[in-house]
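Engineer: Pasting a structure here, questions to come.
The values are calculated or read from the model by the stated rules, or taken from the named source; none is laboratory data. What you see is a predicted model; the values in this text were computed from it and never measured. Here the Cβ is made from the backbone with ideal geometry for all residues, glycine too, and neighbour counts use every protein chain on show. Accessible surface is based on the protein model in full, side chains and every heavy atom, while ligands, DNA and RNA are left aside. Shrake-Rupley method; radii C 1.70, N 1.55, O 1.52, S 1.80 Å.
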Amino acid sequence: VLFFMIWRVNMKSAYEVECRAKEGKHINTIKEDLEALVDKRLHWTLLTLPILGIVIFTILPLVFMICMAFTSYSKVGDHLTIFHWVGLKNFSTVLGMGNSIGKTFWSVLGWTLIWAVLATFLNYILGMILAIVINRKTTRIKGFWRFCFMLSAAIPQFVSLLLRTMLKDNGLINNLLVQAGLISSPLPFLTNATWARATVVIINLWVGIPFTMMQVTGILQNIPGELYEAARVDGAGPVTIFFKITLPLLIKPLTPLMIASFAFNFNNFVLIQLLT
């Protein structure tokens with residue numbers, strides 16, 4: 001592929017030189033071509049290293065892993081050999097429901113999708129509500145409330161997630177609930193699969209809502225106040241104003257952030273690993 005790309009560039013360059021020669025135009029010397037790399041073709045110079053980095057550290061590993069998907073380990077004599085071609089056998093094993101690997105894969109994939117959707121949309125819905133409430137004209141000491149919520153985001157996530165000690169059977173939360181008479185036995189926050197899944201979603205809200213609140217706050221402060229005043233004059237209520245003015249103006253700038261957040265949460269292994 002690299003050879004083909006270089007060949008294509010050479011052929012295109014040769015064709016342009018031939019056309020310029022026929023038209024009697026000036027043809028650059030090697031020195032002029034090199035000087036153009038820091039002037040007219042500066043983008044070529046600046047993009048060379050990033051493109052090489054992407055090819056070496058992103059594309060090649062992807063190609064390597066895709067090739068590995070069609071192979072398996074095999075033993076030749078006393079040696080373990082990789083890249084023993086097995087075709088689609090690995091895919092039938094992983095995607096099939098008739099074996100433990102397939103059942104585990106679909107179960108984990110289903111929970112991962114549910115986790116990514118909940119972790120993304122709950123963060124944005126609740127963060128949006130929080131930002132709107134704080135941004136109201138009737139809300140006092142706005143800076144103080146923002147500071148309180150951003151404090152949880154300012155603390156390193158690794159430190160925040162160490163609160164798993166509070167969620168153990170003999171942890172602070174269970175002890176407080178038992179002493180208050182709300183429960184008779186400790187709640188299995190981290191030992192039961194369903195409870196653990198609910199726990200990681202809730203803890204993710206604690207970590208993620210402040211970031212969403214600040215993103216939405218920045219957008220809200222750029223919405224002209226005249227729009228809201230005109231809507232109130234026309235008799236629109238808070239709900240109508242939200243769905244007709246605020247939400248449409250928030251959705252467009254938030255959509256790329258939500259897509260990036262969904263991709264991040266889909267791969268967010270650290271939070272679940274540190275908690276459970």
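Engineer: Restricted to the range 1-56, and to residues that are polar (S, T, N, Q) and assigned to a helix (DSSP H, G or I), which residue is most open to solvent (accessible area, probe 1.4 Å)? Step through it out loud before you land on a result.
Structural biologist: We begin by selecting, within the range 1-56, every residue polar (S, T, N, Q); these are 10, 13, 28-29, 45, 48.
Right, trim to assigned to a helix (DSSP H, G or I) and you get 10, 13, 45, 48.
Details: ASN10: 92, SER13: 57, THR45: 63, THR48: 70 Å².
Here the answer is ASN10.
Engineer: Report the residue count in the range 115-131 for those that are surrounded by fewer than 19 Cβ atoms within 10 Å (Cβ to Cβ) and either touching a residue at least 40 places away in the same chain (Cβ under 8 Å) or not aliphatic (A, V, I, L, M) (or both). Please lay out each step first, then the result.
Structural biologist: We begin by selecting, within the range 115-131, every residue surrounded by fewer than 19 Cβ atoms within 10 Å (Cβ to Cβ); these are 116-118, 121-122, 125-126, 129.
Pick out the ones that are also either touching a residue at least 40 places away in the same chain (Cβ under 8 Å) or not aliphatic (A, V, I, L, M) (or both) and you get 116-118, 121-122, 126.
Residues that pass the stated criteria total 6.
Engineer: Under 6 Å by Cβ, and 6 or more places apart or on different chains, what pairs join a residue from the range 19-38 that is under 26 Å from LEU49 (Cβ atoms) and among the hydroxyl-bearing types (Ser, Thr, Tyr) with one that is in a helix (DSSP H, G or I) and modelled with pLDDT of 85 or more?
Structural biologist: Pairs that qualify, where the first residue is under 26 Å from LEU49 (Cβ atoms) and among the hydroxyl-bearing types (Ser, Thr, Tyr) and the partner is in a helix (DSSP H, G or I) and modelled with pLDDT of 85 or more: there are none.
Engineer: What do you reckon, is ILE155 of a type outside the set (Lys, Arg), over 30 Å from PRO224 (Cβ atoms) and touching a residue at least 60 places away in the same chain (Cβ under 8 Å)?
Structural biologist: Working: of a type outside the set (Lys, Arg): yes; over 30 Å from PRO224 (Cβ atoms): yes; touching a residue at least 60 places away in the same chain (Cβ under 8 Å): no.
It is false that ILE155 is of a type outside the set (Lys, Arg), over 30 Å from PRO224 (Cβ atoms) and touching a residue at least 60 places away in the same chain (Cβ under 8 Å).
Engineer: Taking the condition of being more than 24 Å from the chain's Cα centre (by Cα), of a type in the set (A, V, I, L, M, F, W, C) and open to solvent by 50 Å² or more (accessible area, probe 1.4 Å), how many residues in the range 133-173 meet it?
Structural biologist: Total satisfying the criteria: 9.
Engineer: Checking the structure you have, find out if any residue of the range 224-235 is over 26 Å from ASN135 (Cβ atoms) and touching a helix residue (DSSP H, G or I) at 6+ places or on another chain (Cβ under 7 Å). First the steps, then the outcome.
Structural biologist: So in the range 224-235, the residues over 26 Å from ASN135 (Cβ atoms) come out as none.
No, the range 224-235 contains no residue that is over 26 Å from ASN135 (Cβ atoms) and touching a helix residue (DSSP H, G or I) at 6+ places or on another chain (Cβ under 7 Å).
Yes or no, residue by residue, for (1) open to solvent by less than 80 Å² (accessible area, probe 1.4 Å); (2) within 26 Å of GLY143 (Cα to Cα); (3) among the acidic types (Asp, Glu):
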| site | (1), (2), (3) |
| --- | --- |
| MET213 | yes, yes, no |
| ASN222 | no, yes, no |
| TYR228 | yes, yes, no |
| THR246 | yes, yes, no |
| MET258 | yes, yes, no |
| PHE262 | yes, no, no |
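Engineer: Same structure, new question: Which of the residues spanning the range 176-207 are loosely packed, with under 14 Cβ neighbours inside 10 Å, of a type in the set (S, T, N, Q) and part of a helix (DSSP H, G or I)?
Structural biologist: GLN179, THR194, listed by residue number.
Engineer: Right, here's the next one. Can you tell me which residue within the range 57-88, out of those that are within 27 Å of the chain's Cα centre (by Cα) and open to solvent by 90 Å² or more (accessible area, probe 1.4 Å), is nearest to VAL1 (Cα to Cα)? Before you say what the answer is, go through the steps one by one.
Structural biologist: The initial filter retains those residues of the range 57-88 that are within 27 Å of the chain's Cα centre (by Cα), namely 57-69.
Pick out the ones that are also open to solvent by 90 Å² or more (accessible area, probe 1.4 Å) and you get 57, 60, 62, 64-66.
Values: PHE57: 17, LEU60: 12, LEU62: 15, PHE64: 15, MET65: 18, ILE66: 17 Å.
Residue satisfying both the conditions and the ranking: LEU60.
Engineer: Scan the range 95-126 residue by residue and report those that are among the small types (Gly, Ala, Ser) and out of contact with any Leu (no Cβ under 7 Å at 6 or more places or on another chain).
Structural biologist: Taking the range 95-126 and keeping what is among the small types (Gly, Ala, Ser), we get 96, 98, 100, 102, 107, 110, 116, 119.
Result: GLY96, GLY98, SER100, SER107, GLY110, ALA116, ALA119.
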